[in-house]
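A.B. asks: The structure follows.
The values are calculated or read from the model by the stated rules, or taken from the named source; none is laboratory data. All of these numbers come straight from a predicted model, not from anything done at the bench. Cβ: placed from backbone, ideal geometry, glycine included. Neighbour counts: every protein chain shown. What goes into the accessible areas is simple: the full protein's heavy atoms, side chains included, and nothing from ligands, DNA or RNA. Shrake-Rupley method; radii C 1.70, N 1.55, O 1.52, S 1.80 Å.
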Amino acid sequence: MDIDKEELKKPPCQNLFYSVEVRENGKINLCSLAFMNYEDCYIGNLFEENFEDFWNGEKVRNLRRMAFDGQYPHCKSDKCSMLVGLMFKPDIDVSGGFSEYIKSYPTHVVFTHDSQCNVNCVFCGNIQKSYPAEKVKEMDSRIETHFLPLCRDAKIVKLQGAGEVFASKHSRNLTKAIAQKYPNIKFHIQSNGIFFDKRNCDDLGITDRLHKAVICAHATKEKTYGKLVKGGNFKPVLKNIEWLGSLKKEGKLKFFYMGFIVTAFNYKEMKDYIMIARKAGAEVYFVQLRIENQWLEKNERRVAITNESHPKYNDLVRRLQDPIFTSPDVHLDAVFKTLKPITGKKRFYCFLIYCRKEFKAFINVIFASRKEIR
């Protein structure tokens, strides 16, 4: 995709100047690993180094200098939401202006260090994760010493993206602590939606301080939801979408988004998903499936519908021609805008590729079974 470098200078990427992401073991990134190469994204360790030393260190200042010239060689230009205009536009506070050296701490802090979750999601590898009590205690000990000081100039704090904030004791403790110490901070919560209700938000002290809410349900039917989010509960998700929609309509929630990772299991429900979102006043973003775990690698041939060899590929392309997908409240990952139907010899060739993958998978199962018997 061609990108106008002059446009990228007005203004440069906000993440490089006003945002950080806290990952596991105190690692600090400038952006999500989904959008930026790791070697450039990682800038230091909050637990082992002085934050001010690497926040304005030579590595970060060099990235900022390149941004002034519209240069982003460190970014995944086909996936970055700023570079290709996907999903939602950045809403980071940049009132301090853009400079190679930033005097303040980040105004936008993202916490993705806690991957504890209450469901087994295929997108995360079908792993329901919880930490032992000792690790939770150790993480909690960092709240006062490291996490709260990092938020001293923050206007917005985002949780989570890695796990489920409402299902993690540590993330709940962290959220409460931030809300109590910094009464002006607003919260951006990304959730599977099961526990994203008024009772839990009241308990954390964030009901009236929600800036952005993102719920990723990936389905409109309970059967489909069960295939993708094992151990989940679809009914409270729908109920909580309605509650968040009421906050949006009352002006108590500035942004409300609903995420949907497109697979062969759920693509037929994309249009209905938009209708549910619209009823709640939410915008929708459809994201391409990324093969990032063993389960998806093993089942890619069946779930990755954007592959031309998938038998349902043309049906997806046909459905995307519906004008509803060009609506301003619907955001498509870049790949969906480039998909074209396959016909003739190419279609037959793609069918053969799919059959070959299925046969190979079948043989692997047979050999695996024989090994177990032996």
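A.B. asks: Please name all residue pairs, on different chains or six or more residues apart, with Cβ atoms under 6 Å, provided the first residue is in the range 134-152 and is under 24 Å from Lys103 (Cα atoms) and the second residue is at pLDDT 95 or above and of a type in the set (D, E, K, R).
C.D. replies: Leu148/Lys181
This table checks each residue for (1) at pLDDT below 90; (2) in contact with a Gly (Cβ under 7 Å, 6 or more places away or on another chain).
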position: Lys5; (1), (2): yes, yes
position: Val20; (1), (2): no, no
position: Asp40; (1), (2): yes, no
position: Arg65; (1), (2): yes, no
position: Gly70; (1), (2): yes, no
position: Pro73; (1), (2): yes, no
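A.B. asks: Is one or more of the residues making up the range 256-268 hydrophobic (A, V, I, L, M, F, W, C) and either out of contact with any helix residue (DSSP H, G or I) (no Cβ under 8 Å at 6 or more places or on another chain) or in a helix (DSSP H, G or I) (or both)?
C.D. replies: No.
A.B. asks: Let me ask something else about it. Mind checking which residues of the range 152-181 are over 21 Å from the mean Cα position of the chain (by Cα) and under 20 Å from Phe255 (Cβ atoms)?
C.D. replies: Scanning the range 152-181 gives Ile178, Ala179.
A.B. asks: Another one. For the range 109-132, check the following and say yes or no: at least one residue is among the aromatic types (Phe, Trp, Tyr) and modelled with pLDDT of 95 or more.
C.D. replies: Yes; the residues of the range 109-132 include at least one that is among the aromatic types (Phe, Trp, Tyr) and modelled with pLDDT of 95 or more.
A.B. asks: Are any residues in the range 178-203 crowded, with 22+ Cβ neighbours inside 10 Å and over 16 Å from Gly245 (Cα atoms), and if so, which ones?
C.D. replies: Scanning the range 178-203 gives Ile178, Phe187.
A.B. asks: Going residue by residue through the range 27-34, is there one that turns out to be at pLDDT 90 or above and surrounded by fewer than 20 Cβ atoms within 10 Å (Cβ to Cβ)?
C.D. replies: There is at least one residue in the range 27-34 that is at pLDDT 90 or above and surrounded by fewer than 20 Cβ atoms within 10 Å (Cβ to Cβ).
A.B. asks: Sort out which residues of the range 306-354 are within 18 Å of Ile261 (Cα to Cα), open to solvent by 70 Å² or more (accessible area, probe 1.4 Å) and either among the hydroxyl-bearing types (Ser, Thr, Tyr) or at pLDDT below 85 (or both), and write them in order of number.
C.D. replies: Thr326, Thr338
A.B. asks: Now a separate question. So Phe234 passes all but one of these: (1) open to solvent by less than 60 Å² (accessible area, probe 1.4 Å); (2) under 22 Å from the mean Cα position of the chain (by Cα); (3) touching a residue at least 24 places away in the same chain (Cβ under 8 Å). Which condition number does it fail?
C.D. replies: Among (1) open to solvent by less than 60 Å² (accessible area, probe 1.4 Å); (2) under 22 Å from the mean Cα position of the chain (by Cα); (3) touching a residue at least 24 places away in the same chain (Cβ under 8 Å), the lone unmet condition for Phe234 is (3).
A.B. asks: Among the residues of the range 279-290, how many are farther than 16 Å from Leu247 by Cβ and open to solvent by 10 Å² or more (accessible area, probe 1.4 Å)?
C.D. replies: Going through the range 279-290 one residue at a time, the tally reaches 5.
A.B. asks: So if I check each of Ile274, Ile215, which one is open to solvent by less than 10 Å² (accessible area, probe 1.4 Å), at pLDDT 95 or above and part of a helix (DSSP H, G or I)?
C.D. replies: None of the other options fit; the residue is Ile274.
A.B. asks: Given the structure, is Ser130 without any contact (Cβ under 8 Å) to a residue 40 or more places away in the chain and closer than 23 Å to Glu292 by Cβ?
C.D. replies: For Ser130, the condition - without any contact (Cβ under 8 Å) to a residue 40 or more places away in the chain and closer than 23 Å to Glu292 by Cβ - is met.
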